[in-house]
Amino acid sequence: MKIICIGRNYREHASELNNPVPESPLIFMKPPSALLINNRPFYYPDFTRDLHYEVEVVLKITKNGRHVQPEFAGSYYGEIGLGIDFTARDLQSQLKAKGQPWEKAKAFDHSAVISDFRSIDQYDRESIKFQLSKNGEVVQDGNTADLIFTFDYLICYISRYFKLQMGDLIYTGTPAGVGPVAIGDVLKGYLEGEEMFTCEIK
Ligand code: ZN
């Protein structure tokens, strides 16, 4: 399986990091070894001093497809979850300045926290509320109604380049409010009010 991530897919998040709003989806990937499942703790890595959380709605691909057409896009992601795209922001800034790929800052071990999945049919996919709390305080509060590139658009766009395979995950981008974590912090993610994961930083 592969993990496909979308950067800068919420306007306010793009501007909080002084990035332009993209004209087409910004895509990067993480390897399967990036996954952190079952509410396991996250161990703060030694190569960063500015680790950031980014809460994101995650689509699970439930049908194989290439060059998916818009009218069929909705049938390719049957399940939805919530995750964190952990980012070594200091390292990412250095890599961006040098024009180098982001993998070391984004695709490291356990950088992709993931919850269990639910059927997409439980939700109104055009408007799904999600939140992240840090030590009990809400730090990110998003709604998929604010996506620059919708789920269906992403399915079509991604599948022009990469075959979608059952089990693939798409991290659909983070809303505004990203910020640092410290050892001892506890992060919790909520989808329409339901607690989906908890992640303690160790
Ligand atoms: Zn992200």
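Things worth noting here:
- Range of Cα positions in the chain per principal axis (Å), largest first: 45, 39, 30
- Set against the 2.2 N^0.38 Å expectation for a compact globular protein, the range 25-104 has a Cα radius of gyration ratio of 1.36.
- Environment charge at E23 (Cβ cut-off 14 Å; Lys +1, Arg +1, Asp -1, Glu -1): +2
- For a paramagnetic label modelled on K163 (point 7 Å from Cα along Cα→Cβ), amide N atoms under 15 Å away belong, within the range 64-106, to 64-68.
- Here's the picture: charge each Lys and Arg Cβ at +1 and each Asp and Glu Cβ at -1 in the chain, and of G177, G81, L95 the one pushed furthest to the positive end of that dipole is L95.
- Heavy atoms of H52 accessible to a 1.4 Å probe, total area in Å² rounded to 10: 20
- Under the convention that each Lys and Arg Cβ holds +1 and each Asp and Glu Cβ holds -1, the size of the dipole of the range 3-200 around its Cα centre is about 740 debye.
- Calculated FRET efficiency for the pair E12/S119, C-beta based, R₀ 30 Å, to 0.05: 0.55
- Measuring nothing but how far apart in sequence close Cα pairs (under 8 Å, 6+ apart) lie, relative to its length, the chain scores a relative contact order of 34 percent.
- Set of lysines near K96 by C-alpha distance (under 27 Å), chain-local residues within fewer than 8 positions excluded: K2, K30, K104, K106
- Gained length - I27 relative to K202, 0.36 nm times residue gap less alpha-carbon distance: 60.1 nm
- Ordered from highest to lowest accessible area with the whole protein assembly present and a 1.4 Å probe, E56, E126 read as E126, E56.
The values are calculated or read from the model by the stated rules, or taken from the named source; none is laboratory data. From a predicted model like this one, the values you see are computed outputs, not experimental measurements. In this analysis, Cβ positions are derived from the backbone assuming ideal geometry, glycine residues included, and neighbour counts consider all displayed protein chains. The protein model used for the area step is the full one, side chains on, heavy atoms only, and it has no ligands, DNA or RNA in it. Shrake-Rupley method; radii C 1.70, N 1.55, O 1.52, S 1.80 Å.
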